[in-house]
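The values are calculated or read from the model by the stated rules, or taken from the named source; none is laboratory data. Nothing here was measured: the structure is a model prediction, and the numbers come from that model. Don't worry about glycine lacking a Cβ; one is built from the backbone with ideal geometry, like all the others, and counts go over all protein chains shown.
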């Protein structure tokens, strides 16, 4: 019964969040809407980590690798194609490329028998290698077709989404597209996690070997979830590149890699909506600190992580949901 | 009736240690066999070899005439092998009903799944505790839940590794009746058990393992009169 109440609270929280996202363009300034779109890109990144870490038990410390690959892939495609009508297919291709990269890495991880903390180490190593490689691509010889990789400064001039050559999406329509993408991704994941496949993933998270003994091809399921998470992170990265018109290697660096871990752990890795709420709050908090001149945003986020790990290991949003579920249960009248 | 399971000269080495040493074992379809032996005789290793949790060092395993030696555990489970592990293998955060659903959902149709879950909840006496997270069940209830999970996959061969470990006399007797009724329904059962009272209650035949080898085989009465078995195992019980 407690789990049902928890699920109901999650649904209510999602409905409230979805309404808030839809209403935002009518309530806040265009500048804030634009900022919110970047938050949504990171929300997708957090959802991808919550999927594989919270629901399957795979701790990826390098989820930003797929975020960066998605951003670079979209930029490379669009800077070569140069046709605004091609932005949506390019976005789809970027998502698939990020998912393909995750599938390739996942194949070696899961079929190589790598599990538990070693997945975190491997994925972190991969993202740092990609970041280091991309940082040294500053010379004009480093290009893919007409797209200069740009080294430390990254790739610039990435075109925004467009419906046609004369109809480029402005900040608000871009935000609306990102909000729809986040809402649709959440609903898709909820649907998948409620399916047989999703139940199997939850079982793998709790007891991998036992789940295999019931006939589940655990490695294939882990690989599928990892690739799906790569697609979602890649979508976030592509939307981030579209939002800013640029993508840099630092999006795949150590600090960047730690951010989704902090955001997901702080909210509660076992719940997708908790990870979403936590990401939006911490992104807002972090940006507010940065824009007011404080240099300590990352330090404060680090403190948040330590406090959460020590005092609320299940995450503050999940803890609040559980508290609300308990209060709801105790306030119910006893029948008879 | 043909052999549902046969092991031919199966060995498992861990470095210099031979946990299983040339085991030949044949199990008839519909049989209820108990495996006994001193600690370290290689009983649990044998189950892990049959289920595919461990790869054999040499030898072959046949299940329903098919050589399954190289198949991974999940493929063996899809072919009709199921196990209740020695270390409890339930999903502690999930309800008893959800535990059964995960165990059964790959083996029964979507339409039949609710009926299968309710049937097993009833049979293992957990119908009223269906929504209880498995971590809050008693030890005996957890053991029964795990047996129910292993059976809800509707296996042809069920491996039970110490199903009564940690149970009191009443629970042990009830578990014995459950195992016999499962076997009466047509499921072949292979049980590792230390409790000779339980073995007497359920076993049709008994295989004794010692130092990774099949030491003796026969009915319960034959095994209990076997002088060497008395010396190495039963005398110490």
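Couple of notes before you dig in:
- All positions within the range A:198-216 that are over 15 Å from residue B:92 (Cα atoms) and at the interface with chain B (Cβ under 10 Å from one of its Cβ atoms): A:212, A:213, A:214, A:215, A:216
- Considering residues of the range A:97-122 that are closer than 19 Å to residue A:228 by Cβ and out of contact with any helix residue (DSSP H, G or I) (no Cβ under 7 Å at 6 or more places or on another chain) only, the residue modelled with the lowest pLDDT: A:115
- Of all residues in the range B:48-66 being over 16 Å from the mean Cα position of the chain (by Cα) and buried (at least 19 other Cβ atoms within 10 Å of the Cβ), the one that is farthest from residue B:211 (Cα to Cα): B:61
- Restricting attention to the range B:1-36, the residues that are farther than 23 Å from residue B:196 by Cα, without any contact (Cβ under 8 Å) to a residue 40 or more places away in the chain and in contact with a strand residue (DSSP E or B) (Cβ under 8 Å, 6 or more places away or on another chain) total 1.
- Single condition residue B:54 does not satisfy, out of (1) away from chain A (no Cβ under 11 Å); (2) more than 24 Å from residue A:219 (Cβ to Cβ): (2)
- Among the candidates A:233, A:227, A:266, A:241, residue that is more than 28 Å from residue A:20 (Cα to Cα) and in contact (Cβ under 8 Å) with a residue 40 or more places away in the chain: A:227
- Some residue of the range B:155-172 being part of a helix (DSSP H, G or I) and under 14 Å from the mean Cα position of the chain (by Cα): no
- Residue match in the range B:124-145 (condition: under 30 Å from residue B:26 (Cβ atoms), touching a residue at least 12 places away in the same chain (Cβ under 8 Å), part of a helix (DSSP H, G or I) and within 12 Å of chain A (Cβ to nearest Cβ)): no
- Any helices (runs of 4 or more DSSP H) falling wholly within the range A:1-96 and containing at least 1 residues that are touching a strand residue (DSSP E or B) at 6+ places or on another chain (Cβ under 7 Å) and under 23 Å from residue A:284 (Cβ atoms): A:64-81
- So residue B:164, is it in contact with a helix residue (DSSP H, G or I) (Cβ under 8 Å, 6 or more places away or on another chain), at pLDDT below 90 and closer than 23 Å to residue B:44 by Cβ: yes
- Selected residue (criterion: farthest from the other protein chains (Cβ to nearest Cβ)) from residues of the range B:78-105 that are in contact (Cβ under 8 Å) with a residue 12 or more places away in the chain and farther than 12 Å from residue B:149 by Cβ: B:86
- Residue match in the range A:135-158 (condition: part of a helix (DSSP H, G or I) and buried (at least 20 other Cβ atoms within 10 Å of the Cβ)): no
- Residue B:69 falls short on exactly one of the conditions (1) in contact (Cβ under 8 Å) with a residue 24 or more places away in the chain; (2) surrounded by fewer than 19 Cβ atoms within 10 Å (Cβ to Cβ), and that condition is (1).
- Residue in the range A:164-172 that is more than 23 Å from residue B:151 (Cα to Cα) and crowded, with 16+ Cβ neighbours inside 10 Å present: yes
- Across the range B:32-47, the number of residues qualifying as within 14 Å of another protein chain (Cβ to nearest Cβ) and crowded, with 21+ Cβ neighbours inside 10 Å comes to 1.
- Counted residues, the range A:269-292 - those being part of a helix (DSSP H, G or I), surrounded by fewer than 21 Cβ atoms within 10 Å (Cβ to Cβ) and either touching a strand residue (DSSP E or B) at 6+ places or on another chain (Cβ under 7 Å) or touching a residue at least 60 places away in the same chain (Cβ under 8 Å) (or both): 2
- Considering A:203, A:233, A:225, A:241, the condition of being more than 22 Å from residue A:123 (Cβ to Cβ), part of a helix (DSSP H, G or I) and in contact with a helix residue (DSSP H, G or I) (Cβ under 8 Å, 6 or more places away or on another chain) is satisfied by A:203 alone.
- Considering only residues in the range A:244-258 that are in a helix (DSSP H, G or I) and surrounded by 21 or more Cβ atoms within 10 Å (Cβ to Cβ), the one that is farthest from the other protein chains (Cβ to nearest Cβ) turns out to be A:249.
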